[in-house]
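To start, the structure under review is shown below, and the notes come after it.
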Amino acid sequence: MIDLRLLREDPDRVRASQRARGEDVALVDALLSADERRRSSGVRFDELRAEQKSLGKLIPKASADEKAELLKQASQLAADVKVADAERDAADTETQELLQKLGNLVHPDVPVGGEEDFVTLETHGEIRDFGAEGFEPKDHLELGQILGAIDVERGAKVSGSRFYFLTGVGALLELALVNAAIAQATAAGFTPMLTPALVRPQSMAGTGFLGQAAQDVYHLDKDDLYLVGTSEVPLAAYHMDEIIDADKLPLRYAGFSPCFRREAGSHGKDTKGIFRVHQFDKVEMFSYVTPEDSQAEHQRLLAWEKQWLTSLELPFRVIDVASGDLGSSAARKYDCEAWIPTQGKYRELTSTSDCTEYQSRRLSIRVREGKQVRPLATLNGTLCAVPRTIVAILENHQQADGSVYVPEVLRPYLGGREVLEPVAR
């Protein structure tokens, strides 16, 4: 959530942020009104309590005649205090509920608009000309079948649409990707983490995933637990309700977990293959830093993602995501999109978001600097979303006979294989 003091001091900035997100600007005025009622009712309650305490000291010293009148006043004061207390609680509840609905403040340099209004910042690698090489590229599903690596038919039989099996070299390729990604993150100073896939509502809400993203979240009603769509959630909640000494920052974690997403708004999109699925594994980077260091850390996370995709020898571009496509927690987000030959376009493989103090305020995570205690900043960055990375590797590194070239960074984790070979049928 944002700082209420900032809202009071510069409501136009918050209105502009809401407008850029394409979200309800009237929410700002409703929140200002609720906050004013919360503060005024709090003052009223404090005044009545002080008057009640003063009156309570007079009653024992009063004469019999005076005492009756004072007791009458005390009775009325007690009723007034009760009403003021209820008004204060109601205003505070309304303020907090409205505050939870407000997105993070959009960074002023973020391009304004919807999903297609991003700005391309840079491109890397060469897009292959398969025509010049003399063959038509196969899509990842056909390659996965040739290699004995992907089985979506049995995935659908067992679990339904958008589920799959990785088999043979497909399973080995996932493990290679995870191990290589964790190795890179560890070398960069991240602490490897295996995180829970089920979290409590406070953890999910605290990271901002029960707002606009709630439709994509799986909820277990009987247990009141949520399946995470990313290990960002347990990594953000890892230090919930804690105060961290400034000399321990930055704290950096690399979490590996299964991820679950309903993909409720993606009906008809990417139905073929494993690009958009309900369950997948992912390596996620997560950082805790001081607010002053968040923009620099954002660039560092982006650099690590670029290092990863470059090591996989994939052509990709970096985009500055537009304001309407940020998600509620992010003040700014960069996506790295790999070229997918059979789609003829770039598709998101990794992303990194600067969430500033938004999540730490919701999760009550603070930093202690001397005598000062204040919210810190959190950032996240996908290093390897496995199925999409497999899609990009198979399609970009395929050869005419259906075999697939293995990037050098993965070979130590694939028994030295330089090529994934078709399986005998």
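Here are a few things to note about the model shown:
- Annotation: extensible slack from K72 through A214 equals 45.9 nm (criterion: 0.36 nm per residue apart, minus Cα-Cα distance).
- Couplings for the range 174-188, taken from phi via the Karplus curve 6.51 cos²θ - 1.76 cosθ + 1.60 with θ = phi - 60°, read 4, 4, 5, 4, 5, 5, 5, 5, 5, 4, 5, 5, 5, 4, 7 Hz in order; Gly and Pro are left as x.
- Rounded tilt (10° steps) of 26-58 against the dominant C-alpha axis of the chain: 40 degrees
- Whole-Hz ³J(HN,Hα) from phi, Karplus 6.51 cos²θ - 1.76 cosθ + 1.60, for the range 313-323, glycine and proline x: 6, 9, x, 8, 10, 10, 10, 8, 5, 6, 4
- Estimated vicinal HN-Hα couplings, Hz - the range 148-155 in sequence order (Karplus 6.51, -1.76, 1.60; Gly, Pro = x): x, 10, 9, 9, 8, 5, 6, x
- For the chain, a crude dipole built from +1 on the beta carbon of Lys and Arg and -1 on the beta carbon of Asp and Glu, taken about the Cα centre, is about 1020 debye to the nearest 20.
- Once C-alpha pairs closer than 8 Å and six or more residues apart are averaged by separation and normalised to the residue number of the chain, the relative contact order reads 20 percent.
- Residues with amide H under 5 Å from that of S351, placed H, sequence gap 5 or more: C336, T382
- Listed by chain and number, the lysines placed with their C-alpha closer than 26 angstrom to that of K269 are K138, K157, K282, K333, K345; residues fewer than eight positions away on the same chain are left out.
- A straight chain from Q307 to E421 at 0.36 nm per residue would run longer than the Cα-Cα distance by 38.4 nm.
- Projecting label points 7 angstrom from Cα along Cα→Cβ for R368 and Q343 puts them 4.8 nm apart.
- Entry for the chain at q = 0.07, 0.10, 0.12 Å⁻¹: log10 I(q)/I(0) = -0.43, -0.76, -1.01, Debye formula applied to identical alpha-carbon scatterers, no solvent contribution.
- Segment R411-D46, extension gain: residue separation times 0.36 nm, minus the distance between their alpha carbons: 124.5 nm
- Against the main long axis of the alpha-carbon atoms of the chain, helix 64-101 sits at an angle near 20°.
Rule-based calculations on the coordinates, nothing more; no lab input. Here the structure is a predicted model, which is why all the values come from computation and not from measurement. Here Cβ is always computed from backbone atoms with ideal geometry, including for glycine, and neighbour counts include all displayed protein chains.
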